[in-house]
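Report on one structure; see the data block that follows.
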Amino acid sequence: MNTLRNDNAQGSGTQPKILLVDDRWENLLATEALLKPLGASIITADSGEKALNLVLENDFAIVLLDVQMPIMDGFETARLMKTRPNMRNVPIIFITAISKEDHFATEAAEIGAVDYIFKPINSDILKSKVKVYLDLYTQREQILQLNATLRQSNEELERFAYVCSHDMQEPVRMMNIYAGFLAEDALSQLDEDSQRHIGYIRENAVRMQKMIRDILSFSRIGREAIVLETIDSQQVFSEVMQGFEDIVAQKQAVVTAEGLPVVRTSPTLLRVLLQNLLCNAMKFQDGSRTPVITVSASREGSGRNAMWRFDVSDNGIGIDPVFYERIFQIFQRLHSFDDYTGTGIGLSTCRKFVRLCGGDITVRSTPGVGSVFSFTLPDKA
């Protein structure tokens, strides 16, 4: 006996499904009538074998399973159900008239049952319990759907950002070039205000180029395969520092790193992280003292959970704890561009990239004292 009841919104496919399993048809009819007002699709089976066939074809919100059945009892049926990936988290309520000893309830719990109910059934209690699990299922499905929609929207936005930023590079580059030609060719013919205006054009063109490059880098993350390599992070640090020689000399900064490990990760990821964090550490200073920046690493956890944690500490202006999460959001800045240059994309790029590689990035800081940015990388060496 396999039947399907779908009395509300037939064919919509949106209702949660309940599976009733009992070898007595009168019990199936009675339980079905009891649960019908809950508005779920009700599927019934009069044997464990038929129930197993149904779980191959359907996703259920909850299963009500009789313990005493011929050939295959409820316990064996439940064990076999739980081997199916789509049934591992589905709640099962056992219903029995005779198996009332404690060891039967213990066996049901070991299988993964959420309840063990004795006949005669209290209809109000059973209906209330089933309704709770139906509501949980509906909420979970709604969350999954929202997540899927959000993921699709994010992917579409990133594709849009990629296309726009890619196509905008050339016009902005040409704007900067021709503004430079104009400044050179007509310098003697322009008054002071006009020369200043051309300077504004060139400065903003450079700023726009930097923002476009940052958006392009952000949108590329996740679009291309991540290649893991065994790399010496101390060497990567040295290479990154070569690009900061001018700013280190200008600010007379002291930047040190010792004993950084050999790790297996994306070399691009490590460069992106160190470039952004070191740049910020040198940039966000108030000029009252010599910038002192330290990069260190330590191993945490063991086995599959082992991680390398890198700390980049500085003695800069610091960050108020209320802004810890905001600074990792794209286009979020805590200061005006005139005070500190930047696009507000760097830290969001770091977080997106490092999470994609199985790690994370956090910050702790004291305003006026300094900050420590920490990022983790799985120990795959």
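All of the numbers you see were taken from the coordinates with simple rules; none came from a lab. Values in this document were obtained by computation on a predicted structure and should not be read as measured data. Neighbour counts run over all protein chains shown; Cβ positions are idealised from the backbone, glycine included.
Once backbone amide H atoms are built at 1.01 Å from N, residue 82 has no partners under 5 Å, excluding neighbours fewer than 5 places away on the same chain.
Fewest to most neighbouring Cβ within 10 Å: what's the order for 254, 372? Before the final figure, lay out each step's value.
On the way: 254 12, 372 16.
Ranked by crowding around the Cβ, least crowded first: 254, 372.
Close amide H contacts of residue 95 (hydrogens built in the peptide plane, cut-off under 5 Å, sequence separation of 5 or more or a different chain): 65, 66, 67, 117. Between the C-alpha center of segment 246-305 and that of segment 53-94 there is a gap of 54 Å.
Pop the C-beta distance of residue 185 and residue 226 into the FRET formula with R0 = 56 Å and round what comes out to the nearest 0.05.
Details: r = 47 Å, r/R0 = 0.84.
That pair, residue 185 with residue 226, gives E of 0.75.
Net charge of the neighbourhood of residue 199, taken over other residues with C-beta under 11 Å away and scored Lys/Arg +1, Asp/Glu -1, is -1. Couplings 3J(HN,Hα) for segment 17-34, derived from phi with the Karplus relation 6.51 cos²θ - 1.76 cosθ + 1.60 (θ = phi - 60°), are 10, 10, 9, 9, 10, 7, 7, 10, 5, 5, 5, 4, 5, 5, 5, 4, 5, 5 Hz, where x marks Gly and Pro.
Using θ = phi - 60° in the Karplus curve 6.51 cos²θ - 1.76 cosθ + 1.60, the 3J(HN,Hα) couplings for segment 313-327 round to 10, 9, 10, x, 6, x, 9, 5, x, 5, 9, 4, 7, 4, 5 Hz; x is entered for Gly and Pro. Under 5 Å from the amide H of residue 253 lies no amide H of any residue 5 or more positions distant or on a separate chain, with H modelled from the backbone and absent for Pro and chain starts. Other residues whose C-beta falls under 12 angstrom from the C-beta of residue 362 contribute a net charge of +1, scoring Lys and Arg +1 and Asp and Glu -1.
Each label point was placed 7 Å from the Cα along the Cα-to-Cβ direction; for residue 72 and residue 200 their separation is 7.8 nm.
Residue 119: which lysines have alpha carbons under 18 Å from its alpha carbon, excluding same-chain residues fewer than 8 sequence positions away? Qualifying lysines at Cα under 18 Å: 100, 127, 129. Full extension from residue 53 to residue 127: what is 0.36 nm times the residue separation minus their Cα-Cα distance, to one decimal in nm? Going from the current span to full extension adds 24.1 nm.
I need 174, 87 ordered by Cβ neighbour count within 10 Å, fewest first. Before the final figure, lay out each step's value.
Numbers: 174 11, 87 20.
With the sparsest Cβ surroundings first, the list reads 174, 87.
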